[in-house]
Amino acid sequence: MRSLRYLLRKEFLQIFRDHFMVAQLLLMPILQLLLLGNAATFEVKTARMYVVDRDHTETSRALVDRLQASRRFVVVGASPSVDVGNEWILERKTDMVLSIPSDFERDIARNRAAQVQLILNAENGAAAGVTESYAAQIIGAFARELTDELGPVRLMPVKLIPAMDSMQTLRAAPIPAPAVRAIDIRARGWYNPDLNYRDYMVPGILVQLVTVVGSLMTAMNIVREKEIGTLDQLSVTPLSRNVFMAAKLIPFWIIALVELALGLLVARFVFHTPMLGSILLVFAAAAIYLFAALGIGLFISTLVDTQQQAMFVTFFIIMVYLLMSGLFTPIRSMPDWAQWLAQANPMKHFIEIMRAILLKGATTRDVLKPMLILVGFAAVVLTLAVRQYARRVG
Amino acid sequence: MTLAANSASNGIAIDAQDLTRRFGSFVAVDHITFDVKAGEVFGFLGANGAGKTTAIKMLVGLLAPSEGTAHVAGADIRTQRDEIKRSIGYMSQRFSLYADLTVRENIRLYGGIYGLTPDQIAERTKRMLDNLGLSGSVDDLVGDLPLGWKQKLAFSVALVHEPKIVFLDEPTSGVDPITRRQFWELIYAAAARGTTVFVTTHYMDEAEYCDRISIMVDGKIVELGTPAELKEKYRTETVDDVFVRLARGATKGEAA
């Protein structure tokens with residue numbers, strides 16, 4: 001055990017003597033968080049809207065005003081011709097065309113129902129979906145206002161997504177007949193009432209950052225000793241393998257937790273991420289999760305001989321974990337096999353835990369199941385890694 | 001047990017019987033048998049690729065033998081690796097102190113690993129650096145030292161726990177003749193204190209400094225004796241000539 005102290009001292013000396021490493025460990029994650037926290041969002045700030053108003057009435061103008069007043073839409077052009085609008089979409093000069101038919105106000109007055117057409121540029125499907133839902137919400141609110149004045153009014157937005165290479169078909173396509181269904185959709189986001197994507201993203205990005213430190217730095221550090229030959233030198237000393245591994249894992253475990261603390265401070269004071277649950281619980285989950293991440297790093301270090309290989313393999317694994325973690329795409333929209341695979345992804349569980357604790361104020365009991373999965377995962381990975389290490393070095 | 005005890009009391013530091021290591025179909029070390037007496041400076045000679053490093057790695061416990069047995073300081077290399085590790089020092093072919101730690105930090109680390117007390121570490125650090133004339137560099141990063149100094153320091157660190165046997169794998173490769181000379185003075189000093197020295201080299205002039213030498217060609221030990229015996233047997237002036245004659249038959253050569 002005394003030799004562990006000497007080794008830990010050596011590890012910390014080496015880590016903190018390497019200024020690039022210190023920057024990499026402490027500064028870069030913070031910069032990354034600031035950058036990604038601001039940039040990685042599904043939110044569509046302002047969509048460009050082209051207006052084809054063939055009604056030219058007070059009501060049609062009120063609808064356009066209403067959309068603009070939301071600040072979600074900005075009118076970039078207008079004409080009575082839907083063809084011109086389509087061309088604007090084709091030329092990517094607008095994100096959406098709002099087409100109001102000529103009998104809009106009359107239909108409302110007579111039938112208490114009317115439709116408007118939304119033509120969306122869906123090259124970026126996610127953005128188009130968000131744009132459409134904003135528009136639908138605002139149109140719905142407008143209909144409720146009219147209802148207050150006139151009695152029940154239904155406004156039906158009819159969505160049309162042209163294929164960008166076949167405008168001909170679009171022109172020929174008739175406007176579908178209004179489906180007379182009185183569905184009043186009122187979306188309300190629970191736990192994240194403002195649908196603030198940043199609140200949703202920041203905990204996920206934090207997880208990604210501690211994972212990189214945990215896995216990549218551990219793998220690179222051990223492989224570096226292989227490369228320079230000091231691993232052989234240590235192997236001929238009476239140093240036990242377990243002490244050696246503990247000395248490799250403990251520093252990065254501590255540093256990753258410090259990094260998490262820094263990241264949480266940035267989240268709290270820069271992004272005002274809500275922190276409803278216990279921060280202690282966040283750290284408890286992180287402490288467990290990191291054993292899995294460090295285990296992956298240790299395992300990789302037994303498979304490769306150079307730092308370059310370590311980097312490639314680690315990035316490959318982290319990339320797969322990240323893309324299948326639910327950070328960028330909801331796991332529920334993945335194919336079945338991928339959903340099944342995602343269950344074996346510790347990053348997914350930790351991101352879920354983080355979001356649940358921070359955004360929902362989940363308690364230990366609420367996150368017990370994913371926590372236990374993490375414990376199991378950490379135990380399996382670490383055992384495998386230690387075994388593999390013993391086989392390779394012993 | 002009795003065998004081990006016997007060999008230790010007989011003054012045998014290392015004995016190897018039919019020690020063999022294969023990598024796939026390639027036989028790197030081919031049934032070598034030899035022994036090294038306690039306190040001896042034993043030169044383990046051979047061309048590059050003859051199998052010296054593989055043999056040394058088996059003796060220090062970094063590599064398991066495919067066949068054969070060996071005892072180091074009375075302990076079996078297959079079953080008593082931990083005992084062996086406590087009684088040996090090893091300086092590998094690659095420089096393996098930490099370049100990003102200072103001289104003092106390197107010595108402290110290895111001293112600590114071998115279980116020396118902080119007082120012992122402080123005392124040995126001072127003595128070692130006085131011997132090497134490195135006292136002024138105690139807080140310099142090892143990476144900033146000239147190569148010759150690094151090698152001498154690595155040797156001294158390999159001896160920090162005062163092992164019974166020290167294995168040196170080409171300790172002088174790449175250093176200038178003067179430093180090589182000084183390095184051999186360090187080796188003699190260690191031997192004079194009773195440490196057995198097992199040294200590989202391909203500088204044949206260094207072979208003349210050894211008590212006994214073995215010459216390895218293509219994984220086999222083809223000759224073993226004192227430098228004087230070998231020179232007489234082959235009727236040559238130098239060990240170099242002996243070596244050239246023996247190595248001419250090599251098939252594996254540099255590429256192996």
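Computed values, structure above
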{"quantity": "Shielding of B:90-100 by partner chains, average beta-carbon count, 10 Å", "calculated": "5"}
{"quantity": "Distance in nm between pseudo-label sites at residue B:162 and residue B:67 (7 Å out along the Cβ direction from Cα)", "calculated": "4.2 nm"}
{"quantity": "Additional length obtainable on full extension of the chain from residue A:46 to residue A:20, 0.36 nm per residue less Cα span", "calculated": "5.4 nm"}
{"quantity": "P(r) tail fraction, region A:47-172 - alpha-carbon pairs more than 19 Å apart, %", "calculated": "44 percent"}
{"quantity": "Cα-based reach from residue A:10 at 17 Å (exclusive), listing aspartates and glutamates while leaving out same-chain residues under 8 positions away", "calculated": "A:18, A:225, A:232, B:100, B:105, B:139, B:140"}
{"quantity": "Cβ-placed point charges (K, R +1; D, E -1), dipole of the protein assembly as shown about Cα centre in debye, nearest 20", "calculated": "1440 debye"}
{"quantity": "Among beta bridges that DSSP assigns inside the protein assembly as shown, antiparallel share in %, nearest 5", "calculated": "40 percent"}
{"quantity": "Inter-label distance, nm, simple model (7 Å from Cα along the C-beta direction), residue A:312/residue B:244", "calculated": "4.5 nm"}
{"quantity": "For region A:110-146 versus region A:289-364, the gap between their alpha-carbon centres in whole angstrom", "calculated": "37 Å"}
{"quantity": "Pairwise centroid distance, computed over Cα atoms, of region B:126-149 with region B:179-240, Å", "calculated": "28 Å"}
{"quantity": "Kirkwood estimate for chain B, i.e. one over the average of 1/r between Cα atoms, Å", "calculated": "18.9 Å"}
{"quantity": "Violating pairs (Cα-Cα greater than 18 angstrom) within the set A:348/A:369; A:248/B:126; A:45/A:93", "calculated": "A:248/B:126"}
{"quantity": "Protection proxy ranking, peptides B:48-59, A:370-381, average beta carbon neighbours within 10 Å, highest first", "calculated": "B:48-59, A:370-381"}
{"quantity": "Residue-averaged 222 nm ellipticity for the protein assembly as shown, from DSSP H runs of 4+ at -39500 (n - 2.57), nearest 500", "calculated": "-16500 deg cm²/dmol"}
{"quantity": "Nitroxide proxy distance, nm - points 7 Å out along Cα→Cβ at residue A:137 and residue B:211", "calculated": "8.8 nm"}
{"quantity": "Anchor residue B:220: aspartates and glutamates whose Cα lies under 16 Å away (excluding residues fewer than 8 positions away in-chain)", "calculated": "B:15, B:18, B:30, B:35, B:67, B:254"}
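Here, each number is a calculation from the coordinates, and none is a lab measurement. Note that the structure is predicted; figures quoted are calculated from it, not measured. All Cβ positions, even for glycine, are placed from backbone atoms using ideal geometry, and neighbour counts span all protein chains on display.
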